[in-house]
Ligand SMILES: Cc1cc2nc3c(=O)[nH]c(=O)nc-3n(C[C@H](O)[C@H](O)[C@H](O)COP(=O)(O)OP(=O)(O)OC[C@H]3O[C@@H](n4cnc5c(N)ncnc54)[C@H](O)[C@@H]3O)c2cc1C
C-alpha cells in the first residue's frame, strides 16, 4: 500500500485540471500578459467544471464542502499551464468562501451557483493603500444610516484587488466604529454587489507579472443588514477561515510553476551541448537540476499534507497552510531562478515561457500573506506548542 499517494478522487481532479490546462496552452503566453480578462481563457474555464471545486455541492459545487486538497491539485495543473487560468479559478473560491461559510440562505442561493458555473466572478477586498499585512489598520468604514439606523453606508478604498474590474461582487472587510465609550471598533465582512451605487473601479499599477487588478472606491455605498456576511464583529474569523482553506492552494500553484519551469530547463539541458556534452552532464548544471527537483517534490508533499489537514479541520491548521505556502513559494523562486540560469541567454528572452514563470513566481511570496509575516505566525505556533505541550504538533501527530 502506498502511504503518500493521492487517492483516486484527487487524481481524477488532477487529470481534469490538466485537460483544461491543455486547452488553454495554445494561448497561455498571451493570456499571462493580460491585465484584463483574457476572454478565451475564461471561456475554457467556464466550459469546464473546475469552478465547481470552489463551492459546496448544495449550491452547485462538486463536494459537500470545499475540499482544499482538490483545489490544491487543480491549481497545480492550472498554474503550470497559465497563471491567468490559475488566478481565475482561485479567485472564485477566495472571493466566495465567506458566503459559503457565513452567508444567509438567500445570499448563498443567489450567488454561489453562479460562482460554481463561472458565470459570476468573485473578489475578496481586504487590502487598502495604507493597510496590507496589517489588516487591523483598515479604514474602510461601515456606519449606520437612516433615522432608525436600519441601513448602513460604506466608504473607503480597497487596493490591488484581484478581479476588481470584472467582479460581480466584493467580499469586503470593513471597520465598524465603536458605538459607545469603552467599546472597541469591530471588524466585519459585507457582501457588496459590484453594481451597487457608489462602487467605482480604477486600474491598479501594472505589475511585473500581469494580473487582473483594480482599486475599488466605495463612495457612500448604501447597504442593509442583508449585505452582512456572518456575525458582526467576526470579520477576521471569516478571513482566517478563507485563508485556512485556500492558502495551501497557493503552495499547489507554486508547485505547478516549478514543474513547468523545470521541464523547460531540463529539456534545454539535455538538448544543448557545451564542452562536448549535454549541459545536464556538466556537474554544476546537474546540481541545479537535482536541487530543483528536490525542492519541487518536498514542496508538493507539504502542500498536499497541509491541504489534507485543512480538509479535515480548517480551523486549527492555518499554520500548516502558511508553512506550505512559504516553503513552496520560496522554493519556486529558487527553482525558477536556477532554471533561468541553466538556460543561459535563452532564459532571458522576454515573453518566453521561462521568463514568464520567472516573473510569475515573484508576487506569490507577497500576496495572501507575505513570507515574513507568515513566518511570524508559524514561529509563534511552534513556540506555543513546544512550551505548552512539550512537543511539536508533528510529534503529537496532530
Ligand atoms: C498579484 C497580487 C494580487 C493581489 N490580490 C489581492 C486581492 O485580491 N485582495 C486583497 O485584499 N489584496 C490583494 N493583494 C494585496 C496583497 O494581499 C498584499 O500585497 C499583501 O498582503 C502584502 O501587503 P503589502 O503589499 O501592503 O506589503 P506590506 O504589508 O507593506 O509589507 C511590506 C514588506 O514588509 C514585510 N512586513 C510587513 N509586516 C511585517 C512584520 N510584522 N514583520 C516582518 N515583516 C513584515 C512584508 O513581509 C513585506 O516584505 C494582491 C497583491 C498582489 C501582488
Relative exposure of 248, 298, 82, judged by other C-beta atoms within 10 Å (fewest first):
298, 82, 248
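Return the calculated 222 nm mean residue ellipticity for the chain, to the nearest 500 deg cm²/dmol, obtained by summing -39500 (n - 2.57) across DSSP H runs with n ≥ 4 and dividing by the residue count.
Values: 12 runs with 201 residues, N = 398.
Dividing the helical sum by the residues of the chain leaves -17000 deg cm²/dmol.
Taking neighbour counts of Cβ atoms within 10 Å as a proxy for exposure, in what order, fewest first, do 79, 364 appear? Don't skip to the answer; put the middle values down first.
Working: 79 32, 364 23.
Going from sparsest to densest Cβ surroundings: 364, 79.
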Mean projection of the alpha-carbon convex hull of the chain over all orientations, in nm²?
21.9 nm²
Out of 275, 170, 160, a Gaussian network model of the chain with alpha-carbon springs under 10 Å gives the largest mean-square fluctuation to 275
Which residue fluctuates most in the GNM of the chain (Cα springs below 10 Å): 22, 30, 183?
183
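Extension gain residue 312-residue 9, at 0.36 nm per residue separation less the Cα-Cα distance, in nm?
On the way: separation 303, 0.36 × 303 = 109.08 nm, distance 1.57 nm.
Net length gain for the segment: 107.5 nm.
Using every Cα-Cα pair within the range 236-396, state what percent have a distance larger than 24 Å. Walk me through the numbers on the way to the answer.
Values: 5303 of 12880 pairs.
Of all Cα-Cα pairs in the range 236-396, 41 percent lie more than 24 Å apart.
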Let me check the size of the range 137-277 from its C-alpha atoms; what are the radius of gyration and Dmax in Å?
21.9, 84
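Note the per residue figure in Å³ for the convex hull of the C-alpha positions in the range 148-229. If you can, show how the numbers build up before the last one.
Values: hull volume 8.5 nm³, N = 82.
About 104 Å³ per residue, rounded to a whole number.
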Rg and Dmax of the range 8-120, using alpha carbons, in Å: what are they?
13.5, 41
Ranked list, fewest to most other Cβ atoms within 10 Å of each Cβ, for 9, 126, 213, 69:
9, 213, 126, 69
Roughly speaking, what is the centre-to-centre gap between the range 290-311 and the range 83-151 when only Cα atoms are used, to the nearest Å?
29 Å
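Throughout, read-outs are computed from the coordinates displayed, never taken from laboratory work. Given the structure is predicted, the values throughout are model-derived calculations rather than measurements. We place every Cβ from the backbone using ideal geometry, glycine too, and count neighbours over all the protein chains shown.
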